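Below is the structure I would like to discuss, written out as structure tokens.
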Amino acid sequence: MTLSREQLDELKRAVESRYEELAAEVRADVSRARDDTAIGLAGDVVDAGDRASADQIVRMDDAELLRDLEELNQMQAARSRLGSGDFGRCVDCDHEIPYERLRAQAAALRCLDCQRVWEGALAQTAGQKQ
């Protein structure tokens with residue numbers, strides 16, 4: 001099953017839209033991070049509890065930013081695949097990724113079967129490190 005022109009156009013719009021949303025979020029997060037420091041969040045009175053709370057907020061903001069940057073990179077890669085004609089092909093088996101999967105995860109690199117294998121290998125590697 002090859003993607004129809006309409007399906008491809010829909011997926012391209014979804015990738016572009018999500019890319020723009022993420023780029024705006026990252027810009028806002030970076031701007032906010034410049035303004036927010038742990039000491040600034042804790043205020044003038046810094047006790048251990050305030051400092052711990054402020055540190056936790058900063059760590060959560062950092063984790064959010066990293067997650068958004070990773071997804072932004074995935075969307076950029078999907079944009080590149082759209083431009084090169086490789087979009088919708090599994091990087092492992094080279095079969096087409098079903099339209100339904102791409103609608104749910106436009107940046108998908110793998111078909112469901114290969115994704116399961118990849119995640120299983122990743123989980124096994126993580127289990128060996130423990």
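The values are calculated or read from the model by the stated rules, or taken from the named source; none is laboratory data. Because the structure is a prediction, the values reported are computed rather than measured. No Cβ is skipped: glycine too gets one built from the backbone with ideal geometry, and neighbour counts run over all protein chains shown. The area values use the complete protein model at the heavy-atom level, side chains included, leaving out ligands, DNA and RNA. Shrake-Rupley method; radii C 1.70, N 1.55, O 1.52, S 1.80 Å.
For the range 11-31, which positions are surrounded by fewer than 16 Cβ atoms within 10 Å (Cβ to Cβ), touching a helix residue (DSSP H, G or I) at 6+ places or on another chain (Cβ under 8 Å) and among the charged types (D, E, K, R)?
E16 - this is the single residue of the range 11-31 that is surrounded by fewer than 16 Cβ atoms within 10 Å (Cβ to Cβ), touching a helix residue (DSSP H, G or I) at 6+ places or on another chain (Cβ under 8 Å) and among the charged types (D, E, K, R).
For the subset of the range 83-122 comprising residues that are outside any helix (DSSP H, G or I) and of a type in the set (D, E, K, R), which member is nearest to the chain's Cα centre (by Cα)?
Of the residues in the range 83-122, the ones outside any helix (DSSP H, G or I) are 85-98, 105-111.
Filter again for of a type in the set (D, E, K, R), leaving 86, 89, 92, 94, 96, 110.
Working: D86: 19, R89: 19, D92: 20, D94: 23, E96: 22, R110: 15 Å.
Among residues in the range 83-122 that are outside any helix (DSSP H, G or I) and of a type in the set (D, E, K, R), the one nearest to the chain's Cα centre (by Cα) is R110.
Results for (1) out of contact with any strand residue (DSSP E or B) (no Cβ under 8 Å at 6 or more places or on another chain); (2) open to solvent by less than 60 Å² (accessible area, probe 1.4 Å), shown as yes or no for each residue.
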residue: R67; (1), (2): yes, no
residue: M75; (1), (2): yes, yes
residue: G88; (1), (2): no, yes
residue: D92; (1), (2): yes, no
residue: I97; (1), (2): no, yes
residue: C114; (1), (2): yes, yes
residue: E119; (1), (2): yes, no
residue: A123; (1), (2): yes, no
